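Quick notes on the structure that follows.
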Amino acid sequence: MKPRIPIPPEVLSADGGRLYPLLNEGSDFTVVIVALSYLDACLTSLLSKCFRESSISDELLDANKGALSTLTSKTNLAYVLGLIDKPMLQDLIVLARLRNLVAHSHFELAFHSNELQDLCGQLRYIAQLKDAGTGNAIFDPDQYRAPRNKFILTAITLWNRVLLTALDTKHAA
């Protein structure tokens with residue numbers, strides 16, 4: 001199998017706009033799988049910017065068989081390197097659990113299922129975001145009362161934050 005190397009953050013950033021219609025119109029299954037695949041690619045890109053440009057870096061981040069091939073391993077490494085904060089870490093862990101539940105269910109799970117509602121109820125990142133000027137919440141809770149909306153807003157907010165960090169990060173020497 002051909003190695004899957006990290007996608008540069010500039011390319012991922014350009015792709016982001018194409019995802020919004022899919023998130024708004026896709027099935028719950030599609031939304032979860034695609035959003036988390038994109039978030040995984042964003043974390044991979046961020047970590048690749050922190051590593052030396054090397055075949056060893058590519059091997060570590062190879063999505064097929066690298067030591068950092070899982071979303072959880074990338075999330076944990078990004079946290080211990082100080083690239084993401086604890087609230088991001090906590091929501092990324094919940095999102096990974098949610099994705100695994102959806103991906104490994106033999107029936108299609110939807111956001112109205114008890115399992116997904118419970119996991120979406122554990123997402124906290126977007127609720128704690130405040131406007132720097134006013135101190136007010138960035139998102140009105142009505143915007144994310146529905147589990148699907150909360151999932152989508154959380155995924156978009158996290159991937160934008162990860163991509164902005166990646167775009168601002170220089171490769172290690």
Checklist outcome for this item: Expressed as a percent, the accessible surface of segment 3-85 that is carbon or sulfur, using a 1.4 Å probe and the full set of protein chains, is 57
Checklist entry - Which net charge results for the neighbourhood of TYR79, defined as the other residues with beta-carbon distances under 11 angstrom from its beta-carbon, given Lys and Arg at +1 and Asp and Glu at -1? => result +1
Item to check | segment 57-173: relative contact order in percent, alpha carbon pairs under 8 Å with at least 6 residues between | outcome: 17
Checklist outcome for this item: Note on segment 59-121: contact order normalised by length, alpha-carbon pairs under 8 Å, 6 or more apart, percent, works out to 18
Checklist entry - With every protein chain present, what accessible area does THR30 have (1.4 Å probe, heavy atoms only), rounded to the nearest 10 Å²? => result 40
Checklist entry - Taking each full run of DSSP H in the chain as one helix, which ones are at least 18 Å long along their axis (Cα atoms) and have mean Kyte-Doolittle hydropathy of at least 0.0? => result 28-50, 86-103, 147-167
Item to check | Cα-centred dipole magnitude for the chain, charges only on beta-carbon of K, R (+1) and D, E (-1), debye, nearest 20 | outcome: 280
Item to check | Cα gyration tensor, the chain - rounded (a/c under 1.5), prolate or oblate | outcome: oblate
Item to check | For the chain: accessible area per residue (Å², 1.4 Å) | outcome: 54
Item to check | Rounded, prolate or oblate (a/c below 1.5 giving rounded, otherwise prolate when a/b exceeds b/c) for segment 88-173 by Cα gyration tensor | outcome: oblate
Item to check | Pairwise centroid distance, computed over Cα atoms, of segment 32-65 with segment 113-173, Å | outcome: 21
Item to check | Protein accessible area in segment 117-173, 1.4 Å probe - carbon and sulfur % | outcome: 52
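The values are calculated or read from the model by the stated rules, or taken from the named source; none is laboratory data. Since we're looking at a predicted model, the values are computed, not measured. With ideal geometry, Cβ positions are generated from the backbone for all residues, glycine too; neighbour counts draw on all protein chains shown. Just the protein is used for accessible areas: all its heavy atoms, side chains included, with ligands, DNA and RNA removed. Shrake-Rupley method; radii C 1.70, N 1.55, O 1.52, S 1.80 Å.
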